[in-house]
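Trainee: Quick one: structure below, then a few questions.
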Amino acid sequence: MRKQDIEAELAELKSDYSRIQGDVEKATSFSVDTSAGDKKLEEIEDRMKELNQQLDNLE
């Protein structure tokens with residue numbers, strides 16, 4: 001994977017993370033189950049860690 005591709009995917013994941021985090025916070029304020037959103041946030045965090053490691057290996 002090229003550096004440019006990694007950076008593009010990271011930017012997309014950051015955007016998704018922010019959006020989902022907002023949704024989870026809103027759901028929490030209404031006492032709605034947020035387990036699915038929390039799980040998705042964890043998956044995004046894991047993928048971002050992988051991509052950051054790949055980015056570090058390229059540099």
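Trainee: Identify the residue in the stretch 7-28 that is exposed (fewer than 12 other Cβ atoms within 10 Å of the Cβ) and under 16 Å from Lys39 (Cα atoms) and, among all such residues, is farthest from the chain's Cα centre (by Cα).
Mentor: Among them, the one singled out is Glu25.
Trainee: Additional query: At negative phi and not in a helix (DSSP H, G or I): which single residue out of Val32, Val24 fits that description?
Mentor: Answer to the selection: Val32.
Trainee: Whether any residue in the stretch 43-58 is modelled with pLDDT under 95 and not in a helix (DSSP H, G or I) is what I want to check.
Mentor: The answer is no, given that none of the residues of the stretch 43-58 is modelled with pLDDT under 95 and not in a helix (DSSP H, G or I).
The values are calculated or read from the model by the stated rules, or taken from the named source; none is laboratory data. For clarity, every value in this text was computed on a predicted model and none was experimentally measured. Every residue, glycine among them, receives a Cβ derived from its backbone with ideal geometry; neighbour counts consider all protein chains shown.
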